[in-house]
Protein chains: 2
Amino acid sequence: MDSITVNDARFDLRRAVEADLPALVELLADDPLGQAREATTLEPYRAAFREIDADDHQLLLVVRSETTAIVGTMQLTLIPGLARGGAKRLLIEAVRLAANVRGGGLGAALFDWAHGYGRDHGARLAQLTSDKSRTDAHRFYRGLGYEPSHEGFKRPL
Amino acid sequence: MDSITVNDARFDLRRAVEADLPALVELLADDPLGQAREATTLEPYRAAFREIDADDHQLLLVVRSETTAIVGTMQLTLIPGLARGGAKRLLIEAVRLAANVRGGGLGAALFDWAHGYGRDHGARLAQLTSDKSRTDAHRFYRGLGYEPSHEGFKRPL
């Protein structure tokens, strides 16, 4: 659907399809926090994928290197709301880049693209939460203009 | 659609309709942070309301006291996702209770109801962010079982 170029390397960005699931789950699990909480079979992810795909406020993005395979993912959710003068939000979740493409500017380029996607769909605010242990990620988000203005609370249901 | 009883007072919970907008905007603005960032006309809220209402993953909830008027609101968003074994999330935003019903247990009862709504729709995780200045709210959320495990980042688009 789109592409970005970082240091002469081209990356294709497109909506995920079900055939991407093995690679996406591998990316989610290849992570200090993810390895403890991701499942070892694809089954639970298939149903989740179909729900994401059926919801037109969701964009599960796949980042593909021109020469190799899937190297990144993020999930974007457009959330209309009344607060802040009726501001629509872009929620960014489940951001992962493969180890071999980190640190080269792809992350920043991907967020630039995501912010443009949000603006194109009328969002005036981007928001995300990041586990407090991910201090490198926090530095990265601050560098992109994000303010750690909020406490992020979670609770199992 | 539903009701909760707190200390012998009954509160009706239902999906917001457009006629609720003046009361909802008043609730959003009657708040230390809201008063600085809410608009003074209804116009920007009408378009936002229609978008929320058209999205079946959204529930903009109105809390009505049996005897008086609208005394509370919260916005619930169901977000399917791959991470955490394909866990669906319940995002809770824009929670407001009128000053005259605070501190009496209505907030906790409302969150109980919201958690049940999330579970009924397959969510396994509830999440919310709260401005770091809202320390009373943080105590309240911790009391409900929420862990402040994440940094909450926001960025204008």
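Can you list residues from other chains, or at least 5 along the same chain, whose modelled amide H is less than 5 Å from the amide H of A:Ser149?
Counting only residues 5 or more places away or on other chains, the set is B:Lys154.
Could you give me the ³J(HN,Hα) list for segment B:54-59, computed from phi with Karplus coefficients 6.51, -1.76, 1.60 and θ = phi - 60°, whole Hz, x at Gly and Pro?
For segment B:54-59, the Karplus curve yields 7, 9, 6, 8, 10, 10 Hz.
In this model, which of B:Lys88/B:Lys132; B:Lys88/B:Lys154; A:Lys88/B:Lys88; A:Lys154/B:Lys132; B:Lys132/B:Lys154 are farther than 19 Å apart at the alpha-carbon?
B:Lys88/B:Lys132; B:Lys88/B:Lys154; A:Lys88/B:Lys88
How much accessible area is lost when chains B and A come together, counting both sides, with a 1.4 Å probe, in Å² rounded to the nearest 100?
Buried: approximately 5700 Å² between A and B.
Cut-off 17 Å, label point 7 angstrom out along Cα-to-Cβ of A:Asp56: give me the residues of segment B:55-77 whose amide nitrogen falls inside.
Under cut-off, by backbone N: B:55-58.
Note the per residue figure in Å³ for the convex hull of the C-alpha positions in the protein assembly as shown.
131 Å³
With every protein chain present, what accessible area does B:Glu147 have (1.4 Å probe, heavy atoms only), rounded to the nearest 10 Å²?
110 Å²
Averaged over peptide A:19-32, how many Cβ atoms belonging to another chain are found within 10 Å of each residue's Cβ?
1
Give, in whole angstrom and from largest to smallest, the semi-axes √(5λ) of the equivalent ellipsoid of segment A:104-157, with λ running over the eigenvalues of the Cα gyration tensor.
21, 17, 10
What trypsin sites (Lys or Arg not before Pro) does segment B:70-146 have in DSSP loop regions with at most 15 other beta carbons within 10 Å?
B:Arg102, B:Lys132
Express in nm, to one decimal, how much length is gained between A:Glu43 and A:Arg134 on full extension, taking 0.36 nm for each residue of separation and deducting their alpha carbon distance.
29.9 nm
When each copy gets a label point 7 Å from Cα toward the beta-carbon at A:Arg102, what are the spacings between them in nm, shortest first?
Output for A:Arg102: 4.2 nm, nearest copy listed first.
Which residue fluctuates the most in chain B, going by a Gaussian network model with Cα springs under 10 Å, if the choices are B:Ala54, B:Ala16, B:Ala99?
B:Ala54
In terms of modelled amide H atoms, which long-range or inter-chain residues lie less than 5 Å from the amide H of A:Lys88?
Correct list: A:Gly81, A:Arg124.
Could you state the number of Å between the C-alpha centres of segment A:1-52 and segment B:79-155?
Taking the Cα centre of each part, segment B:79-155 and segment A:1-52 sit 27 Å apart.
If you rotate chain A onto chain B, whose Cβ in A ends up lying nearest the axis, and how many Å away is it?
Residue of A nearest the axis onto B, distance in Å: A:Gly152, 2.
Using the beta-carbon distance between B:Ala29 and B:Thr68 and R0 = 22 Å, what value does 1/(1 + (r/R0)^6) give for FRET efficiency, to the nearest 0.05?
0.75
Sorted from shortest, what are the nm distances separating the label point of B:Gly122 from equivalent points in the other copies, each placed 7 Å from Cα along Cα to C-beta?
Ordered by increasing distance: 2.6 nm.
In a Debye calculation with equal point scatterers on the alpha-carbon sites of chain B and no solvent, what is log10 I(q)/I(0) at q = 0.17 Å⁻¹?
Listed by q, the Debye log ratios stand at -1.16.
I'd like to check one number: the per residue accessible area of chain B, probe 1.4 Å, reported in Å² as a whole number.
45 Å²
Select from B:Ala137, B:Ala23, B:Ala114 the residue whose mean-square fluctuation is largest in a Gaussian network model of chain B (Cα-Cα springs shorter than 10 Å).
B:Ala137
Which loop GluC sites (Glu not before Pro) in segment A:18-124, with loop taken from DSSP, have no more than 10 other Cβ atoms within 10 angstrom of their Cβ?
A:Glu66
Where both partners of a DSSP beta bridge lie in the protein assembly as shown, what percent of those bridges are antiparallel, to the nearest 5?
90 percent
On the protein heavy atoms, probe 1.4 angstrom, tell me the percent of accessible surface of chain A carried by carbon and sulfur.
Heavy-atom surface of chain A belonging to carbon and sulfur, 1.4 Å probe: 48 percent.
Apply the Karplus parameterisation 6.51 cos²θ - 1.76 cosθ + 1.60, with θ equal to phi minus 60°, to every residue of segment B:149-154 and state each ³J(HN,Hα) to the nearest whole Hz, in sequence, with x for glycine and proline.
Karplus-based 3J(HN,Hα) across segment B:149-154 equals 7, 10, 7, x, 9, 9 Hz.
Summing -39500 (n - 2.57) over the DSSP H runs of n ≥ 4 in chain A and dividing by its residue number, what mean residue ellipticity at 222 nm do you reach, to the nearest 500 deg cm²/dmol?
Rounded to the nearest 500, the figure is -9500 deg cm²/dmol.
The values are calculated or read from the model by the stated rules, or taken from the named source; none is laboratory data. No experiment lies behind these values; they were computed from the predicted model shown. Backbone-built Cβ (ideal geometry, glycine too); neighbour counts: all protein chains shown. Accessible surface areas use protein heavy atoms only, side chains included; no ligands, DNA or RNA. Shrake-Rupley method; radii C 1.70, N 1.55, O 1.52, S 1.80 Å.
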